[in-house]
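Here the structure is laid out as structure tokens; the discussion comes afterwards.
The values are calculated or read from the model by the stated rules, or taken from the named source; none is laboratory data. A quick note: this is a predicted structure, and the numbers were derived from the prediction, not measured. Cβ: placed from backbone, ideal geometry, glycine included. Neighbour counts: every protein chain shown.
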Amino acid sequence: MVKVLTYEEKVNLFGDPKPKPADKNGYAILDKKFLENIKMFEFPVIGKYMFHVKVFSQLLKVLEQVKEAGLDKEIDVKITRQAGGTFVPRYQRWSPNYPLSSHAFGIAIDMFSVGSDGVIEKTKWSKEFVKIFKQNGFVWGGDFKSFYDPIHFEVNKIL
């Protein structure tokens, strides 16, 4: 069973973003104090992205290990930079009727694999690639039962 952090657990671990709907497109306005914890970092392979200060080192370690293992060739960096990403101040399903996305907490990343052509369902990772994320406190969206999301990795524990 995949253990994803509840909204309450995210607030307790990462702070309360106190969201307010920004528009009808599912974006949120987040608390300024909360946003002080979202910073730009340079990561191996993928470059600069915003992530939560409490867990950026976990993503850094993952990508260092991916590169050391020669698995970085699985990432389509160009498409990931165009259509993937990390921090986005938005609600789940792009609707304020749902809780904030893990991306709004700065604890999730979406990446596309080589050969996916930017199609979520066509994204495929090796078992070794996914294992590195899991060993470093992430869950993989490809294991989700309710919604298959193979581009998605999110922190589920602080190491």
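Exactly one residue among Val155, Val119, Val139 is among the β-branched types (Val, Ile, Thr), over 15 Å from Val4 (Cβ atoms) and either surrounded by fewer than 22 Cβ atoms within 10 Å (Cβ to Cβ) or at pLDDT 95 or above (or both), and that residue is Val119. The set of residues from the stretch 60-107 being over 14 Å from the mean Cα position of the chain (by Cα), among the polar types (S, T, N, Q) and over 20 Å from Glu128 (Cβ atoms) comprises Gln82, Ser95, Asn97.
Considering only residues in the stretch 18-37 that are out of contact with any Pro (no Cβ under 9 Å at 6 or more places or on another chain) and touching a residue at least 12 places away in the same chain (Cβ under 8 Å), the one that is surrounded by the most Cβ atoms within 10 Å (Cβ to Cβ) turns out to be Asn37.
For the stretch 99-106, state whether one or more residues are on the phi > 0 side of the Ramachandran plot and surrounded by 14 or more Cβ atoms within 10 Å (Cβ to Cβ). Scanning the stretch 99-106 turns up at least one residue that is on the phi > 0 side of the Ramachandran plot and surrounded by 14 or more Cβ atoms within 10 Å (Cβ to Cβ). Considering the conditions (1) surrounded by 15 or more Cβ atoms within 10 Å (Cβ to Cβ); (2) touching an Asp or Glu at 6+ places or on another chain (Cβ under 6 Å), Val114 is excluded by exactly one of them, (1).
A search for C-beta distances below 7 Å between a residue of the stretch 5-17 that is crowded, with 16+ Cβ neighbours inside 10 Å and any residue that is assigned to a helix (DSSP H, G or I) and modelled with pLDDT under 95, counting only pairs 6+ apart in sequence or on different chains, returns nothing. Of all the criteria given as (1) surrounded by 20 or more Cβ atoms within 10 Å (Cβ to Cβ); (2) touching a Gly at 6+ places or on another chain (Cβ under 8 Å); (3) farther than 24 Å from Lys122 by Cα, the one not satisfied by Ser95 is (1). Taking the residues in the stretch 65-122 that are without any contact (Cβ under 8 Å) to a residue 12 or more places away in the chain and in contact with a helix residue (DSSP H, G or I) (Cβ under 9 Å, 6 or more places away or on another chain) as candidates, determine which candidate is farthest from Ile46 (Cα to Cα). Applying the filter and picking the extreme gives Tyr98. One residue stands out among those in the stretch 143-152 that are in contact with a helix residue (DSSP H, G or I) (Cβ under 7 Å, 6 or more places away or on another chain) and surrounded by fewer than 20 Cβ atoms within 10 Å (Cβ to Cβ): the one that is nearest to Lys67 (Cα to Cα), which is Asp149.
Residues considered: Phe56, Phe87, Phe105, Phe34. Of these, the only one that is more than 18 Å from Lys157 (Cα to Cα) and at pLDDT 95 or above is Phe34.
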